[in-house]
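The values are calculated or read from the model by the stated rules, or taken from the named source; none is laboratory data. Quick caveat: nothing in here was measured; it's all calculated off a predicted structure. A quick note on method: Cβ atoms are made from the backbone with ideal geometry, for glycine too, and the neighbour counts reach across all protein chains shown. The area values use the complete protein model at the heavy-atom level, side chains included, leaving out ligands, DNA and RNA. Shrake-Rupley method; radii C 1.70, N 1.55, O 1.52, S 1.80 Å.
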Amino acid sequence: MPGKLKVKIVAGRHLPVMDRASDLTDAFVEVKFGNTTFKTDVYLKSLNPQWNSEWFKFEVDDEDLQDEPLQITVLDHDTYSANDAIGKVYIDIDPLLYSEAATVISGWFPIYDTIHGIRGEINVVVKVDLFNDLNRFRQSSCGVKFFCTTSIPKCYRAVIIHGFVEELVVNEDPEYQWIDRIRTPRASNEARQRLISLMSGELQRKIGLKVLEMRGNAVVGYLQCFDLEGESGLVVRAIGTACTLDKLSSPAAFLPACNSPSKEMKEIPFNEDPNPNTHSSGPSTPLKNQTYSFSPSKSYSRQSSSSDTDLSLTPKTGMGSGSAGKEGGPFKALLRQQTQSALEQREFPFFTLTAFPPGFLVHVGGVVSARSVKLLDRIHNPAFVGIMGNTRSYKLLDWNSFNSDEPETRDAWWAEIRQEIKSHAKALGCHAVVGYSESTSICEEVCILSASGTAAVLNPRFLQDGTVEGCLEQRLEENLPTRCGFCHIPYDELNMPFPAHLTYCYNCRKQKVPDVLFTTIDLPTDATVIGKGCLIQARLCRLKKKAQAEANATAISNLLPFMEYEVHTQLMNKLKLKGMNALFGLRIQITVGENMLMGLASATGVYLAALPTPGGIQIAGKTPNDGSYEQHISHMQKKINDTIAKNKELYEINPPEISEEIIGSPIPEPRQRSRLLRSQSESSDEVTELDLSHGKKDAFVLEIDDTDAMEDVHSLLTDVPPPSGFYSCNTEIMPGINNWTSEIQMFTSVRVIRLSSLNLTNQALNKNFNDLCENLLKSLYFKLRSMIPCCLCHVNFTVSLPEDELIQVTVTAVAITFDKNQALQTTKTHVEKSLQRASTDNEELLQFPLELCSDSLPSHPLPPAKEHLESASSNSGIPAAQRATSVDYSSFADRCSSWIELIKLKAQTIRRGSIKTTVTVEKASPVGDGNFRNRSAPPCANSTVGVVKMTPLSFIPGAKITKYLGIINMFFIRETTSLREEGGVSGFLHAFIAEVFAMVRAHVAALGGNAVVSYIMKQCVFMENPNKNQAQCLINVSGDAVVFVRESDLEVVSTQQPTANCQSSCTEGEVTT
Amino acid sequence: MTSELDIFVGNTTLIDEDMYRLWLDGYLVTNAVALRVRSGILEQMGSTAAVLQSDTMDRYRTFHMLERLLHAPPKLLHQLIFQILPSRQALLIERYYAFDEAFVREVLGKKLSKGTKKDLDDISTITGITLKSCRRQFDNFKRVFKVVEEMRGSLVDNIQQHFLLSDQLARDYAAIVFFANNRFETGKKKLQYLSFGDFAFSAELMIQNWTLGAVDSQMDDMHMDLDKEFLQDLKELKLLVADKDLLDLHKSLVCTALWGKLGVFSEMKANFKNLSRGLVNVATKLTHNKDVRDLFRRAVLPKSVFSVCPLPRWLPTPGPLGPLHGHPPWLPPAPLS
């Protein structure tokens, strides 16, 4: 089914000077899609050309539409020599192919050159007409929506969650082709950028096809990665979770049902919340649950609780969720059987989601991970010759997959690892893996493939077809497991897969829970947490001999188990030291370098109310007879105890005292220290289990038997907590904080250190690495001090070893401010607040000065009015407390922006200085005022808004996402041969990252969006050669482009709805355009 | 362990005002770090000097990258690379173009050429302002001058449009540009007591009343050059001193206009004849460029008058000066044609 792509080149601005003689440029534009190229006229002698071209029309297959990027090249016309390229813009037109995403791409795009960076901007309009509306996407996967977000997107409802989809595409890396020796670096970089763009388009299309096969309509938690394998090629692979999503249509309908996380969070800590409409208010014991059902055909069968409803309504599904009280044993078995059958048809019951619809997650087993070391070989590519010389390259790629009689090596590797993960999950009594992710680390020809996830038991209701009924919402409430349900062990306690220490759940007292819980998912929204969470990191280095091929791989695989063990011990110790008992969002990264291995594990520690209080850490010396040594030990012990006490205070961990009698004595089982099942091998499936059992019952014993152990204890104590007012976590939201304000700041920080090669011992290495990470965090706290009180969320560390003695750490995170004073505000006051908001319709405007909205665009005569509005609203009797945060700050902003605006608006008539100028201010205000109110009541509805927010989270605090516009997936290469002139490596990379951000923002703005959520920098490969004055960097980023509306505006709209229907509808209208 | 690379890039570019000031003032990273350490910021945050060093380097790098855009402020507003809040953009521009009083007094009226730039070392030593900062200020003057030099229309408006400065700063720049263009001598010893504000005020009045643009707003021309014809016409003013009737008429008109608006009205009235003569003397000799340049030195010459009170201080604001055809009273009025 063909489509028509239409492109119009409007204008350019800030072009670089290409003609030294005239200091001007004769620019024209080439628009290329597939094999067709159009050109604009040459616009002579201008740095701000106005081409205003006709519509260039490309008639193409939709397959091409999905695979190919639109390629726009800006050139300088030269009569005598070859035209010089100024730069390029690649536009992914995929968002235009879904029915409900963007309809047009229109805006200013930075013109990017891989050697010079951004060189001016170009204004482009792109539209797609797909023929045959009725049968729009049947033949291809155009209609499938992609989301990077690892939870069900905010304005959708999951009807069915189908499961795992994966695909990979292999190609030769243009950088390593023979032709690369004779072409310019620019040509080579562009070939690479274009190839990766093509490959990711193809990959996405293929995944889409798989989703359609499963009868889904969307991929959630889509994660696409590149493996730059050097000589052996380029792998683009992706995983995701296929879903059938339903758009929640009217905002009124979904407001109560699916609140934004910020609101949801508010409700969580309050058990006794009188809020009637959300899941968190469900009854707290499973027994109650039984009596709480109002399904029509309900029968109180002996066997199960809430699952009855399911049985009656949807016979196919069979079992519901649940913690089934005393009948736990048999019920559980049955449940497993049922869900297993639901999952059986799936090869891999994996889910890349980290947050789930309520009721989806039944039990969590623990972290499962698998690693394997592989030697890279030349990828078998028969159909693959000189692809870049051939313009129909994507066709070749297709042959490539056709030709795969030969087993696809990479596919086989991953399948092997997934199989292993699956068997680990089974060993934990779980039939599914959630929070699943895959990663690689490559050094020369050795590659470590890793996969990890959380073994879990899921509620089959979401996994099957034909279970969608109108009363889903209702059943949801009934079927809700208790909030401690997910902590209960999924495995049989008499037949445990590994030694564990079980107690009865501290919440419901019915079920067994482990003493610690490690997971890779986000904290479930209905979990009860005591105190706040914190970021916990384990850092480790191990030296390795330099070796070749097989020997190297063997050396690495021998080291891996020890690394995992130590990383795990460190995590456990640090968790105990914080006085917490569970880890969420655990991510262990093992990086391989020439002469070392690095392990970095990050997670968010919390105290789950359902799990037992963690014991302390006890130190035991090996030589008990030495007096001074004993003294030293006891000194250390004291220090540790002090730290634990301090941490408990810091994170507000004060669980209610429960006497042993009530709980019942702990089950006399050997202590379980590890819930981390893992294995690493080149070929075998062996499962190495960790048995770190100690005889001591409730304290964790550290034996100090050598200096290494001493070091470990010391390093435990050297981790400094963040300065007061700061919190950090690597999950979406910080457990225990729920009153986020709207100020967010996403950032990326990169550090590279050079190790002095002299003192390369494991200890020195560990210390260096530890210092590097700690200093980096300290720097971040220092830089963001103006945002206090704030929390660094979704802190994502990536380690790479670009060279022998270099360690590179990249951190991306978002700082979100929160309101300290309102920390314990209940829903009641929230309601009050919203009423207040409704009563003063000006209030919504208070927020906007914080935004960089159209102020920066001179063509909008809005801001001068703001000052006026601002003063108006501050006069209108809003309680001072509410104003305090925004007004103070904004008044200055207003003043400044208004005069900037004014300058530009000012007519030529002003000639006489101050008197007249001030008059103009006063005159301008009331006039602008009127316009302003009418035109932009919802401030962010205006698509010309300059500001684009970026966040690695799936939501924007204080705002509601109203529309997903499509996935952003961009790959850039930047190279320089004048490193010193560009400010050295720091200057070079700083500028490049800033440029990447700029290009992401420009694309989102052109789609009509005002934010990127679930933003992630998946790759940042930096190589330098200072001697040659050269450097190169590759960056791959992705995220979801969205439109959001401030919650305060929405509330105003919804409360006014009865009286002012038209207003709300026009708000919506503006939002969706 | 040495840090090879250390960067921080935010989606919104954070601007630390204190750091910006240090950078503008031309402090090197090491000096800036030392200053910040002394400010006690480390104790507040419990940080280390290394953190401060890294932060300072990073901020300086950001400013350095922004500097290119600050040379053409409208670019800063339109660029996409740095997302900066409008209030911060305004602050960046305003501070970048701000100048030191001491520095501007040194270069006011001098040709903004390479020659003057070479003297910046000396100016730096005299004023105690770092050479880096002197260079920035000088380059700012020169850049503004270059841009508006050939432009039509109001000088202040042009500056505001092209540099997005606040009204006050734009008017200061107009004065600087006007002085540089006409090369008025301001450095003489007897002029030392005059502040930049005094000169700026004079410049504003001269731009409004003495330039070609002032005479005919429809005329496409510059507001930087004095109206030669007008200066020629000033010769006619001799009459005001020579002719007794005209002198009296002039006196009464001026007195009516200024009555109640001047603190030193009585002195002015008493000394009117001397004043008038002095001024007319200056006015009638403004035909040669050299004399024009010397205007200020000569204008303050009549000691008897101007030693009483500094020259422009007792001037009324330009406003209801109908009888004087919009000309300031302390300078010769326009020919009563």
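Using only alpha carbon positions, build the gyration tensor of segment B:17-85, then give the equivalent ellipsoid semi-axes as the square roots of 5 times its eigenvalues, largest first, whole angstrom.
Value: 27, 12, 9 Å, ordered largest first.
With a 1.4 Å probe and every protein chain left in place, tell me how much accessible area B:S166 has, in Å² to the nearest 10.
About 20 Å², ignoring ligands and nucleic acids.
Calculate what fraction, in whole %, of the accessible area of segment B:17-85 sits on carbon and sulfur atoms when a 1.4 Å probe is rolled over the protein chains.
That share works out to 57 percent.
For segment B:101-210, give the percent of accessible area contributed by carbon and sulfur heavy atoms, probe 1.4 Å, rounded to a whole number.
Percent of accessible area from carbon and sulfur atoms in segment B:101-210: 51.
When only the heavy atoms of the protein chains count and the probe is 1.4 Å, how do A:R754, B:R152 rank by accessible area, highest first?
Order by accessible area, largest first: B:R152, A:R754.
Excluding B:V177 itself, what net charge comes from residues whose Cβ is under 11 Å from its Cβ, given Lys and Arg +1 and Asp and Glu -1?
Once all neighbours under 11 Å are counted, the net charge is +2.
Please list A:D819, B:D233, A:D113 in order of solvent-accessible area, largest first, computed with a 1.4 Å probe with all protein chains present.
Solvent-accessible surface, decreasing: B:D233, A:D819, A:D113.
How charged is the neighbourhood of A:G585? Take every other residue with its Cβ under 11 Å from the Cβ of A:G585, and add Lys/Arg as +1 and Asp/Glu as -1.
-1
If you take the accessible area of A alone plus B alone and subtract the pair, what total do you get in square angstrom, rounded to 100, with a 1.4 Å probe?
Summed over both sides, the interface buries about 5900 Å².
Return the carbon/sulfur percentage of the accessible area of segment A:1-156, one whole number, probe 1.4 Å, all protein chains in place.
That fraction is 45 percent.
Per-residue mean of other chain beta-carbon atoms within 10 angstrom of the beta-carbon, peptide B:84-95?
For this peptide, the per-residue mean of nearby foreign Cβ atoms is 6.
Given the pairs A:K546/A:K638; A:K154/B:K75; A:K374/A:K426; A:K154/A:K576, which are separated by over 31 angstrom at their Cα positions?
Beyond 31 Å between Cα atoms: A:K546/A:K638; A:K154/B:K75; A:K154/A:K576.
Mind grabbing the accessible area of A:Y436 for me, 1.4 Å probe, Å², rounded to tens?
Number for this one is 10 Å².
On average, how many beta carbons from a partner chain sit within 10 Å of the beta carbon of a residue in A:748-754?
6
Determine the per residue accessible area of segment B:17-85 with all protein chains present and a 1.4 angstrom probe, expressed in square angstrom.
For segment B:17-85, the solvent-accessible area averages 44 Å² per residue.
Please give me the summed charge of the neighbours of A:I442: other residues whose Cβ is under 9 Å from its Cβ, Lys and Arg +1, Asp and Glu -1.
Local charge sum for A:I442: -4.
Over the C-alpha atoms of segment B:30-139, what are the Rg and the largest Cα-to-Cα span, Dmax, in Å?
When restricted to Cα atoms, segment B:30-139 yields Rg and Dmax of 17.0, 50 Å.
Ignoring ligands and nucleic acids, what accessible area does A:E803 show with a 1.4 Å probe (Å², nearest 10)?
Approximately 80 Å² for this residue.
Solvent-accessible area per residue for segment B:228-305 at a 1.4 Å probe radius, Å²?
Per residue, segment B:228-305 has an accessible area of 57 Å².
Provide A:W740, A:W178 ordered by accessible surface of protein heavy atoms (probe 1.4 Å), highest first.
Most to least solvent-accessible, the answer reads A:W178, A:W740.
Given the pairs A:K247/A:K820; B:K114/B:K188; B:K110/B:K228; A:K422/A:K949; A:K422/A:K1018, which span a C-alpha to C-alpha distance of over 28 angstrom in this model?
Over 28 Å apart, Cα to Cα: A:K247/A:K820; A:K422/A:K949.
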